[in-house]
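The values are calculated or read from the model by the stated rules, or taken from the named source; none is laboratory data. Here the structure is a predicted model, which means the values were calculated and not measured. Cβ atoms come from the backbone with ideal geometry, glycine included; neighbour counts cover every protein chain shown. Side chains included, ligands, DNA and RNA excluded: accessible areas come from the protein's heavy atoms. Shrake-Rupley method; radii C 1.70, N 1.55, O 1.52, S 1.80 Å.
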Amino acid sequence: MLVTVAGPAPHLRACLDSILDQSGEDIELVLVDESADAPTGRILIEYASGLRGDAPHRADQSGRRARHDAAGAPGSVPVRLAGADGPDPAGGHVWFVEPDTLLAEGAARAVVRRLRETGPDLLLLDQAELDWAGGARRGPASALLATAGAPDVVTLAERPALARLDPRTTVTVVKRSLLDHVGLDLTDLTQAAHRRALLEVANRIATLDRVCLLRRPAAAPAGRRPPRAAARPPVRLARSVGRGGRAVGRGVRRAWYHLHLRLPLDRRLALFTALGGRGYLAHPAAVHRAATRLAPHVRGVVAVRRDARSAVPQGVSTVVIGGFAWHRAMARARWVVSDTPLGIPAQVARRRPGATHVHLHHGVPLSGAGLDRAASVAEAAAVAAASARWDVALSASPHATEVWRRAYPGRHEIWEIGQPRLDGLVRAGAAAVERARALYGLEPGQTSVLYAPTGRDYRPQGRRGLLLDAEWLADELGPDVVVLQRHGDTYAPGSTARHPRVRDVSRHLVLEPLLLASDVLITDYSAVICDFVLLDRPIVLHAPDWDSFRRTTGVAVDLLADPPGLVVRDAAELRDAWRADLLDGPEAADARARLRRWCCPNEDGRAAERLVSRLFLDPVLGGQPPAS
C-alpha cells in the first residue's frame with residue numbers, strides 16, 4: 001500500500017490507523033512525503049519509526065488508544081518511509097491510498113484473497129462516501145463490479161463497460177510490472193488518462209464487488225453560507241413599529257458596512273473580539289496588551305457586547321457589536337483577531353485583499369471539536385465556512401495543530417507558538433498567587449480545591465450536569481477545604497451556593513486567577529488540565545463515565561492511558577484517597593511533567609510577544625508601520 005502526501009493532510013493519522021488495523025499478511029505500507037508541511041512530516045516519521053503506540057495520550061476519534069507494535073513486529077503491518085530515490089514498493093501489486101480516506105474493515109484481507117485467486121494485472125474495487133450520520137453510500141460502480149456469473153479475469157475488449165468506471169469513485173490495485181511496462185510513475189491513479197492506459201494494455205482485469213475504501217463527506221465550499229433549517233420570513237410593513245424599526249436599523253447598518261467596504265483598509269486598525277464579545281479577556285486581551293507595548297503603530301479596538309462594555313479597562317478603545325462603529329471596523333480593519341470559531345456573522349466577515357483574519361484557538365483540544373463533532377450537514381457547513389475565512393490560526397502544540405487542522409479545514413496557516421492568555425500564569429510569582437487567593441476570599445491555611453468538570457452532550461448542563469456535589473466535597477475533605485466550583489458550560493446559570501466553604505465561580509470568565517488560587521484541581525476530561533499542569537500542582541481525574549463521554553462527545557486523546565494524577569471512579573474513592581494523602585508524589589509529578597512536554601511545550605511566558613512580532617511587525621505580512 002502506497003500513501004503519498006503532497007500537502008497538509010488533516011486526516012492522515014486516521015487513514016494510517018485504518019491500514020494498520022488490517023491483517024498484516026502480505027501487506028507493506030510505504031509512506032511518501034512530498035509535503036513541506038512540518039506536522040505531516042512528524043506524523044509520517046512517527047509511524048515509520050514504529051512509535052505510534054508510544055504516544056501515551058494519543059487516541060483516534062473513537063477514543064481508542066493507539067496500540068500497534070513497532071514496524072515489522074509479528075502480526076503487524078510493516079511500515080517504511082520512502083527515501084529520496086522513490087517509494088519502490090517490494091510487493092507484486094501496488095494499492096494507492098489517498099491520505100484523506102479510510103480502509104474499510106477487512107478490506108486488505110479481501111483484496112489479498114482476490115489477488116491470489118485471480119492473479120490480475122488490474123484489480124478494480126469499490127468505495128463509498130461516508131455521510132454525517134455515520135452511514136456509507138455506494139456509488140453506481142457496484143453494478144459494473146459485480147462478479148456473479150462473470151469470468152474471474154477479462155480484458156477491456158471483453159468488458160468495455162469497465163471503461164465507464166469513474167476513477168474518482170473506484171479504486172485500482174495495479175501489478176507493479178504493468179506500471180513499468182506502461183511507463184507510469186507511481187502517481188495518483190485517480191487520473192483518468194492513467195487509468196485508461198492501464199485498462200487498454202492489461203491482459204487480466206479482475207473486479208471485487210466490495211466496498212474497500214471509505215471517503216469522507218465533502219465540507220461546504222469555502223465562503224458559501226451554511227444552509228438554514230427554514231427560510232426567514234420577509235420583513236413586511238404590516239409588522240409592528242418596533243419590530244419594523246429594528247429590521248430597518250439592521251438594514252441601515254448593513255448598508256453602512258457595505259459602504260465602508262468600498263473605502264480603503266485602515267492600515268493601522270486591529271479589531272479584537274474575545275468569547276463573542278463578552279469582555280476584555282483571554283487570548284485577544286493578551287495580544288492587545290502586547291501589541292500596545294510592542295507595536296504602537298497598531299490602533300487596537302476591542303469589540304464587546306453592550307452589557308460587557310463597563311468591564312473593559314479604562315483606556316482601551318471599544319466598539320459595541322452590531323453598532324455602526326463595529327460595522328465600520330469590520331469592513332476596514334487591517335487585522336481581525338478573534339477566539340470564537342463561529343462568533344463573527346458571515347454577513348460581515350468578508351475577506352478583503354490586504355486584510356488578515358486571525359483565529360486564536362482556545363486551549364488544547366482533548367475532546368471533539370469542529371467537524372469532528374458536527375452532527376449534521378448544516379453544522380459541518382457552518383464550521384467549514386467559518387474556517388475558510390481565516391488566514392492564520394493559533395496553536396499551542398503539535399497535537400493541537402494536528403487536531404485543529406482536521407477539525408477546522410481551510411487554506412489558512414497554523415502558527416504553533418503557544419497560548420498568549422497563559423503568559424501571565426507562567427510568569428506569576430508568590431505575590432500574584434496571594435492576590436488571586438484574596439480575590440476568592442481564601443484565608444491563610446485554607447486548601448482551595450477547584451472542581452471544574454467539562455460539559456457533556458448527553459447530560460443537562462448547569463448544576464444538574466455536575467457529577468460531584470461540591471457541598472459534600474467541602475464536608476468530606478476537611479474543615480480547612482474551600483471548594484471552588486466551575487460548571488463545564490460557563491454560559492449556564494450559576495447556582496447559589498449555600499455552604500460557607502463553597503464558591504460558585506462558573507461565571508468568572510477570566511480563568512487564570514482562578515487557577516493561581518487553587519491548590520488542587522479535580523476534573524474529568526476538561527482541557528483546563530493543560531492550563532493547570534503548568535503550575536505543577538496535584539490533579540485528580542474523576543472519571544466515572546469515560547466510555548459514555550467518549551461515545552457521545554468524542555475524544556482526541558486518551559487521558560486515562562497516562563493520567564497526570566490520581567484517577568477515581570466515584571466520590572467515596574476520592575474521599576478515601578484524600579484522607580490517605582495519595583493525591584501527590586514522585587510518580588504524579590513525573591506524569592505532570594510528561595503532560596507538560598506533550599500539551600504545552602511552547603508556554604514560556606512569551607507567546608503573545610511572538611504573535612505580535614509575527615503578525616504586526618513582520619514586513620512579509622505587511623505588519624510594519626505604514627509610511628506617514
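Between residue 350 and residue 28, residue separation times 0.36 nm minus the direct Cα-Cα distance comes to 111.2 nm. With both labels modelled 7 Å from their Cα along Cα-to-Cβ, the residue 431 to residue 547 distance reads 5.3 nm.
For the stretch 355-425, the square roots of the Cα gyration tensor eigenvalues, ordered a ≥ b ≥ c, give a/c of at least 1.5 with a/b no greater than b/c, which places it in the oblate category.
Would you please give the FRET efficiency between residue 113 and residue 6, computed as 1/(1 + (r/R0)^6) with r the Cβ-Cβ distance and R0 = 35 Å, to the nearest 0.05?
Details: r = 31 Å, r/R0 = 0.89.
Using R0 = 35 Å, I get an efficiency of 0.65.
Accessible area, 1.4 Å probe, largest first: how do 142, 395 sort? Spell out each step's value before the answer.
On the way: 142 40, 395 0 Å².
Reading off the accessible areas and sorting them downward yields 142, 395.
If you find the alpha carbon centre of the stretch 423-450 and of the stretch 323-380, how far apart are they in angstrom? If we compute the Cα centre of each part, the gap is 34 Å. Of the peptides 265-274, 323-332, the order by per-residue mean of other Cβ atoms within 10 Å, starting with the highest, comes out as 265-274, 323-332. A protection proxy built from the mean count of other Cβ atoms within 10 Å ranks the segments 3-16, 548-561, 512-525, 572-585, most packed first, as 512-525, 3-16, 548-561, 572-585.
Ligands, DNA and RNA left out, the accessible area of the stretch 319-431 computed with a 1.4 Å probe is 52% carbon and sulfur.
Would the stretch 360-491 count as rounded, prolate or oblate if I go by the C-alpha gyration tensor, calling it rounded below 1.5 in a/c and otherwise prolate when a/b exceeds b/c, oblate otherwise? Each step should come with its number before you reach the end.
Details: a/c = 3.54, a/b = 1.61, b/c = 2.20.
The shape class here is oblate.
Rounded to the nearest 10 square angstrom, residue 443 shows an accessible area of 110 square angstrom against a 1.4 Å probe.
Taking 0.36 nm per residue of separation and subtracting the Cα-Cα distance, full extension of the segment from residue 317 to residue 299 would add 5.6 nm. Across the options 534, 508, 612, the greatest Cα extent toward the positive end of the charge dipole of the stretch 468-623 (unit charges at beta carbon of Lys, Arg, Asp, Glu) belongs to 612.
Would you please give the FRET efficiency between residue 324 and residue 136, computed as 1/(1 + (r/R0)^6) with r the Cβ-Cβ distance and R0 = 51 Å, to the nearest 0.05?
Working: r = 50 Å, r/R0 = 0.98.
According to the calculation, E is roughly 0.55.
Between residue 307 and residue 476, what FRET efficiency comes out of the Förster formula 1/(1 + (r/R0)^6) with R0 = 51 Å and r the beta carbon distance, rounded to 0.05? Could you put the intermediate results ahead of the total?
Values: r = 38 Å, r/R0 = 0.75.
The calculated FRET efficiency here is 0.85.
Ligands, DNA and RNA aside, residue 472 has an accessible area near 80 Å² when probed at 1.4 Å.
From the square roots a ≥ b ≥ c of the eigenvalues of the alpha-carbon gyration tensor of the stretch 252-372, which class results: rounded (a/c under 1.5), prolate (a/b over b/c), or oblate?
Details: a/c = 1.41, a/b = 1.18, b/c = 1.19.
Because its axes are fairly even, with a/c under 1.5, the stretch 252-372 counts as rounded.
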